[in-house]
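Trainee: Attaching a single structure in structure tokens format; questions to follow.
Taken together, the values in this text are just the output of simple stated rules run on the coordinates, not laboratory data. Note that the structure is a prediction, hence the values are computed from the model and not measured. Reconstructed Cβ throughout: ideal geometry from the backbone, glycine too, with neighbour counts over all protein chains shown.
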Amino acid sequence: MSTSREICLWERNEGRQLTLARLTVQLPPRLATKPLVSASTAAATRATATGTHTNKFDYEGFYNRELEKKHKDKSYRYFNNINRLAKEFPRAHMATKEDKVTVWCANDYLGMGRNSQVLKAMHETLDEYGAGAGGTRNISGHNKHAVELEQTIAKLHAQEAALVFSSCYVANDATLATLGSKMPDCVILSDSLNHASMIQGIRHSGARKVIFKHNDVQDLEEKLAALPLHVPKIIAFESVYSMCGSIGPIEEICDLAEKYGAITFLDEVHAVGMYGPHGAGVAEHLDYEAHVQGRPRGTIMDRIDIITGTLGKAYGCVGGYIAGSAKLVDTVRSLAPGFIFTTSLPPAVMAGARAAIEYQMEYQGDRRLQQLHTRAVKEALGERDIPVIPNPSHIVPILVGNAELAKQASDKLLQDHGIYVQSINYPTVPVGQERLRITPTPGHTKEYREELVNAIESIWTELGIKRTSEWAAEGGFIGVGQEDAVPEEPLWTDEQLGIAEVTKTLLQDAKAEQQLNAGAPLTGGLTERLLEREIQGLRSASAAA
Ligand SMILES: Cc1ncc(COP(=O)(O)O)c(C=O)c1O
């Protein structure tokens, strides 16, 4: 008797079942004699699928209607052809090589995408091991590059183990989906500004989702307290929220997790490489001295159950990861389809990412300079009454408050000034909070900064975009022009940047200079002077080397 059988794959579409495909499958002898679906069910389903509808589905019409909706609500995404140049960071060329622009919105926050040690590791690995990994981790794609990279990540976060994924989107989605679906009656508590990757992971888990107000520990506590103690709970949140630059209350959330029997899931995507003495992120930064001294036990970072990060932003490559206890990592490794059933990262990428992490674990110069450049940009924009949404991180969000204006400002920056800053519109930010998001790097020196600030100034005038004082006249909005707003101190303090003493001296000098000039305004802000000093120091160090 034949042991093969033709089967139909069905999918539901708005209540109707449609045939997706017919396949011939080999069946074990025991099953071959039994009908897969009863004859009457199959006949009924076929009748519904063909039904009385005589027209075929209009696929192009469907695409058109979906795109039309995006155009209508101004959320349609336009891509710019930007080719970042490794040898001219932060410059790029557009479609033609002659058409050059300065990039001010990339997430290659530290310029590691062109770091010589990263490139060397990648070139050598590429030549020796070729282009691709050859398969999934299970079949042919597991290698020394993956092992070494995961060891380095585990060491970075002082966790027992780590697991690398094709991106952090996949890491977040796969981990939350797996844990949320496998833990009985799991509830996932999610910050209202969480990234799409976490939102998708929660959705895919099928677990109950409870959203708490952004960074609001009181709201989170009320929601935790309403849940039974024995129920498994995951609190999912971020350290640096990339669109507004706010920072999650990590320690308070750890306290609540312990009190209510939850585990913590912290996304450090916009912080790894840039915060902490070794670049492990904000959790490391919060116990700066302990980590400088190599004492991670008992720190806030040590209390986090699951840390996720990317290799594609400050580390300049691509890929994502989770870090946590050996058992947690082994569980996700063993159960998560998003990890198991996909080709692993190319060896050269893993070698490059590892080189980037190790470089940033040893060297603080890039993140110091990034912080100083960020301060200088925020200061310069503030002096021009340009509405920067206040925050303690390296993100510089400029409030526009209108989708069309934000796009026009971005287009004008590119077309008239050769500056690339993508506009951020709904659904990435709520309607009415549209903005330009600027990300200074160590490569954005004074000349670039002046060019940017002058360009923004002229566009704000040309398009009549509201300035800080105008927002203030209306009572302020999301921290802009809000008189009662608590000042946002940078997370990197002057002491941590090693500029506290110099700042004092420079302030005294500045005051003396001002007195000498009969109160005339100072040329160059304080940060500008600090930067000049920092750059002088770097020059002397490289001359001495
Ligand atoms: C907060 C956050 N988490 C996760 C991701 C996804 O990281 P990746 O780019 O590695 O997929 C992003 C990407 O922008 C993000 O902003």
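Trainee: Taking the alpha-carbon distance from K144 and a cut-off under 20 Å, which lysines remain once sequence neighbours fewer than 8 residues away in the same chain are dropped?
Mentor: Cross-link targets: K120, K155.
Trainee: What area, in nm² and to one decimal, does the C-alpha convex hull of the chain cast on average over all directions?
Mentor: If you wrap the Cα atoms of the chain in a convex hull and average its projections, you get 33.8 nm².
Trainee: Turning to a different aspect of this structure: Mind listing the phi-derived Karplus ³J(HN,Hα) values for the range 475-483, rounded to whole Hz, using 6.51, -1.76 and 1.60 with θ = phi - 60°, and x for any glycine or proline?
Mentor: x, x, 8, 5, x, 7, x, 9, 5
Trainee: Hey, another quick one. Excluding residues fewer than 8 places away in the same chain, name every one of the lysines whose C-alpha is closer than 30 Å to that of K56.
Mentor: K69, K70, K72
Trainee: Pull out a ≥ b ≥ c, the square roots of the eigenvalues of the alpha-carbon gyration tensor of the range 171-246, then state rounded if a/c is under 1.5, prolate if not and a/b is larger than b/c, and oblate in the remaining case.
Mentor: It is oblate, given that a/c is not under 1.5 and a/b is not larger than b/c.
Trainee: Return the long-range amide H neighbours of I263 (sequence gap of 5 or more, or a different chain), with a cut-off of under 5 Å between placed amide H atoms.
Mentor: The answer is K233, I234, I235.
Trainee: Would you mind ranking E150, E383 by Cβ crowding within 10 Å, fewest neighbours first?
Mentor: E383, E150
Trainee: Within a 10 angstrom radius of the beta carbon, how do H157, H145 rank from fewest other beta carbons to most?
Mentor: Ascending Cβ contact count within 10 Å gives the list H145, H157.
Trainee: How do T308, T96 line up, fewest other C-beta atoms within 10 Å first?
Mentor: T96, T308
Trainee: G479's amide H: which non-local residues (gap 5+, or another chain) put their own amide H closer than 5 Å, with H modeled 1.01 Å from N in plane and none for Pro or chain starts?
Mentor: none
Trainee: Oh, and also: Through the Karplus equation 6.51 cos²θ - 1.76 cosθ + 1.60, θ set to phi - 60°, convert the phi angles of the range 329-341 into ³J(HN,Hα) values in whole Hz; use x for Gly and Pro.
Mentor: For the range 329-341, the Karplus curve yields 4, 5, 5, 5, 4, 7, 10, 7, x, x, 9, 6, 9 Hz.
Trainee: Could I ask something else about it? Based on DSSP, what percent of beta bridges with both residues in the chain are antiparallel, to the nearest 5? Each step should come with its number before you reach the end.
Mentor: Numbers: 35 of 55 bridges.
The antiparallel fraction comes to roughly 65 percent.
Trainee: Name the aspartates and glutamates eligible as straight-distance cross-link partners of K97: C-alpha to C-alpha under 20 Å, and not fewer than 8 places from it in the same chain.
Mentor: By straight Cα distance, K97 reaches E88, D411, D416.
Trainee: Say the dipole of the range 229-346 comes from +1 at the beta carbon of Lys and Arg and -1 at that of Asp and Glu; which of A283, H230, F341 then lies farthest toward its positive end?
Mentor: F341
Trainee: Can you list the residues, at least 5 places off or on another chain, whose amide H is less than 5 Å from the amide H of Y420, using H built in the peptide plane?
Mentor: T102, V103, W104
Trainee: Normalising by the residue count of the range 394-472, find the relative contact order in percent from Cα pairs under 8 Å and 6+ residues apart.
Mentor: Answer for the range 394-472 is 36 percent.
Trainee: Just to confirm the filter: which trypsin sites (Lys or Arg not before Pro) across the range 54-103 are DSSP coil and have at most 11 other Cβ within 10 angstrom of their Cβ?
Mentor: K56, R77, K97
Trainee: OK, next. So what are the ³J(HN,Hα) numbers for the range 108-114, from phi and the Karplus equation (6.51, -1.76, 1.60; θ = phi - 60°), rounded to whole Hz, Gly and Pro as x?
Mentor: Whole-Hz 3J(HN,Hα) from phi for the range 108-114: 7, 4, 10, x, 6, x, 10.
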